[in-house]
Amino acid sequence: MENTPIIQQGRCTCGQSSFSVDGTPLIRFICHCRICQDLYQKPFADVVIFPEKAVKLQTTESVEFKKFRAPPAVNRGICKSCKKPVLGLMSVAPFTRFAFVPAMNLADLTQLPEAVGHVFYHRHVQEMYDGLPKVSGYVSSQLFLSQKIFKSLIQYNFSA
């Protein structure tokens, strides 16, 4: 599934906040941080990162964006109606912006790549026995994700 563009619709749990995806997912990962646990009301979040230009929010007035930690941080879009995550946005450089899309918000999960691993695993509340790498610690988790994202970006730019 790597470097395969997908086109589909996405929405929050209640359907009030929607978006479209038309692009190639960079990576998919499982996050066990406390912020994700609190926002998703689940033990972890299954997240897919796309180039920001691949994701278009259809209903901006129904989404409130908020950062839950100091930069660099994901600016998380929460549905004003159901209070669940819609998508997140993050800028790491002037021309490098990403959209963090909860996999659960996408219509067809079969189009998504396999997850590359678990991050912030030191915060896990449920053991995972899927054979994926488990990365603990803030810095280690950030480095792991950065490495995977930039490797994917290189592949994405050479295949485009």
Express in whole angstrom the spacing between the alpha-carbon centres of the stretch 52-126 and the stretch 1-43.
6 Å
What ranking do 139, 47 get, fewest neighbouring Cβ atoms within 10 angstrom at the top?
139, 47
Based on DSSP loop calls and a cut-off of at most 16 other Cβ atoms within 10 Å, the longest stretch of the chain free of exposed GluC sites (Glu not before Pro) is what?
3-113
Order of 17, 146 from fewest to most other C-beta atoms within 10 Å?
146, 17
Express in nm, to one decimal, how much length is gained between residue 8 and residue 155 on full extension, taking 0.36 nm for each residue of separation and deducting their alpha carbon distance.
50.7 nm
Extension gain from residue 53 to residue 68, taking 0.36 nm per residue of separation minus the Cα-Cα distance:
3.1 nm
Which ordering of 27, 78, 154 is given by a fewest-first count of other beta-carbon atoms within 10 Å?
154, 78, 27
I want to verify a result. In a Gaussian network model of the chain, Cα cutoff 10 Å, which of these has the top mean-square fluctuation: 104, 90, 128?
128
Can you tell me which of 95, 19, 65 moves the most in a GNM of the chain? Springs connect C-alpha atoms under 10 Å apart.
95
If I model a spin label as a point 7 Å beyond the Cα along the Cα-Cβ vector, how far apart are those points for residue 126 and residue 60 in nm?
3.5 nm
In nm, give the distance between the simple-model label positions of residue 109 and residue 142, each being 7 Å from the Cα along the Cα-to-Cβ direction.
3.0 nm
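Each value in this text was obtained by applying a stated rule to the coordinates, not by laboratory testing. On a predicted model such as this, the values are computed, not experimentally measured, just so you know. Reconstructed Cβ throughout: ideal geometry from the backbone, glycine too, with neighbour counts over all protein chains shown.
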